[in-house]
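S.K.: Could you have a look at this structure, given as structure tokens, before my questions?
The values are calculated or read from the model by the stated rules, or taken from the named source; none is laboratory data. Keep in mind it's a predicted model, so treat the numbers as computed, not measured. Positions of Cβ are backbone-derived with ideal geometry, glycine not excepted, and every protein chain shown enters the neighbour counts. Keep in mind that these areas ignore ligands, DNA and RNA; they rest on the heavy atoms of the full protein, side chains included. Shrake-Rupley method; radii C 1.70, N 1.55, O 1.52, S 1.80 Å.
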Amino acid sequence: MEVVIVPDSAAGGELIAEAMADLLRRKPDALLGVATGSTPLPIYQALAAKVANKEVDASRARVCQLDEYVGLPAGHPESYRSVVLREVVEPLGLDQDSFMGPDGSAEDVAAACVAYDRALAEAGGVDLQLLGIGTDGHIGFNEPCSSLASRTRIKTLTQQTRVDNARFFEGDIEQVPHHVITQGIGTILEARHLVLLATGEAKADAVALAVEGPLSALVPASALQLHPHATVVVDEAAAAGLKLADYFRATYAAKPDWQGI
Ligand code: PGA
């Protein structure tokens, strides 16, 4: 995988937004897989700025969710549908028809998971999938020991993830759902380009294990090692545990300008 070390989260956001803009210039109706959480927000801000400055036309872009809480009432502000509408779809000026996600309030959750995998395939597959990484090494909500071949399905959150996400629920862990629908690791690996952004020292151990550790279900993000086009963008703090940091810096510095990530 390609590892790019950037000075800070704003630089990571700009780099990835430019990769997304470049994709949209080549393929205006690209299907962009978006992630939630705090980390990707600088990406969405940078991409919205490019659209506002007319550096790229995103009007035909399509957007799909990575995961969703199960059981939050429709329209709950922290449902990932609401978050993606607020942070991505509206700022980019897209209409809701261009946006798809798993139905976290479905009566038959298992059927909703199968339907979502099918919908992604029928849409032609994800062109670029953004990912964050959990402090426990998860991608999407594929918690440790998720099958590396898993499809979209219901998962139970670890206590660590519920603690990490309580900040979105007034700091009250009791409000954080126990269950989620997440694209499986096998599903995620079908995207044409995976781009993981990690910032801050709390992610350093998970990043080091994912990038330099063995392929392991215990560290779901290590599955990126299986993908032919995976880019990991980290700030200096999140890169702190990488033994090969100097090599990654030298490799990226030697890359021709036109190559992008
Ligand atoms: P965060 O979440 O960006 O809010 O840290 C990342 C994740 O859990 O994947």
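S.K.: Where in the range 8-86 are there trypsin sites (Lys or Arg not before Pro) that are in a DSSP coil and have at most 15 other Cβ atoms within 10 angstrom of their Cβ?
M.R.: Hits after loop and neighbour filter: Lys54, Arg60.
S.K.: Please report how far the C-alpha centroid of the range 1-79 lies from that of the range 196-261, rounded to the nearest whole angstrom.
M.R.: 19 Å
S.K.: In Å and from the alpha-carbon atoms only, list the Rg and Dmax of the range 77-119.
M.R.: So, for the range 77-119, Rg and Dmax equal 11.6, 32 Å respectively.
S.K.: Further, regarding this structure: Against the empirical 2.2 N^0.38 Å scaling, what ratio does the C-alpha Rg of the range 90-209 come to?
M.R.: 1.11
S.K.: Let me ask something additional. May I ask you to derive the FRET efficiency for Glu212 and Ile173 from their Cβ-Cβ distance with R0 = 30 Å, giving the value to the nearest 0.05?
M.R.: About 0.40, to the nearest 0.05.
S.K.: How large are Rg and Dmax for the chain when only the alpha carbon atoms are used, in Å?
M.R.: Considering the chain through its Cα atoms, Rg and Dmax are 17.2, 52 Å.
S.K.: Then there is this: Can you check how the C-alpha radius of gyration of the range 1-119 compares to 2.2 N^0.38 Å, as a plain ratio?
M.R.: 1.11
S.K.: Additional query: Between Ala166 and Ala74, what FRET efficiency follows from the Cβ-Cβ distance if R0 is 30 Å, with the result rounded to 0.05?
M.R.: 0.85
S.K.: Per residue and in cubic angstrom, what volume does the convex hull of the Cα atoms of the range 53-126 have?
M.R.: Value for the range 53-126: 92 Å³ per residue.
S.K.: Further, regarding this structure: With no solvent and one equal point scatterer placed on each C-alpha of the range 85-148, evaluate the Debye formula and give log10 I(q)/I(0) for q = 0.18 Å⁻¹, two decimals.
M.R.: Log-scaled intensity ratios, in q order: -0.96.
S.K.: If packing is taken as the average number of other Cβ atoms within 10 Å across a peptide's residues, how do 167-175, 135-143, 4-12, 117-125 rank, most packed first?
M.R.: Answer by packing, highest mean first, reads 135-143, 4-12, 117-125, 167-175.
S.K.: Points 7 angstrom from Cα along the Cβ direction at Ala202 and Gln45: gap in nanometres?
M.R.: It works out to 1.8 nm between the two label points.
S.K.: Which value in deg cm²/dmol, rounded to the nearest 500, describes the helix-derived mean residue ellipticity at 222 nm for the chain, given -39,500 (n - 2.57) per DSSP H run of n ≥ 4 and division by the residue count?
M.R.: The helix contribution divided over the chain gives -8500 deg cm²/dmol.
S.K.: Between Leu244 and Asp97, with labels modelled 7 Å along Cα→Cβ, what's the label distance in nm to one decimal, could you check?
M.R.: Simple spin-label model gives 4.6 nm for this pair.
S.K.: Under 30 Å Cα-Cα from Lys243, which lysines qualify once same-chain neighbours fewer than 8 residues away are excluded?
M.R.: Once the sequence-local lysines are set aside, what remains near Lys243 is Lys203, Lys255.
S.K.: Let me ask you something else. Given a 1.4 Å probe, how much area per residue of the range 25-120 is accessible, in Å²?
M.R.: For the range 25-120, the solvent-accessible area averages 46 Å² per residue.
S.K.: Taking 0.36 nm per intervening residue step and subtracting the Cα-Cα distance, what contour gain separates Tyr252 from Arg60 on full extension?
M.R.: Difference between extended and current length: 66.0 nm.
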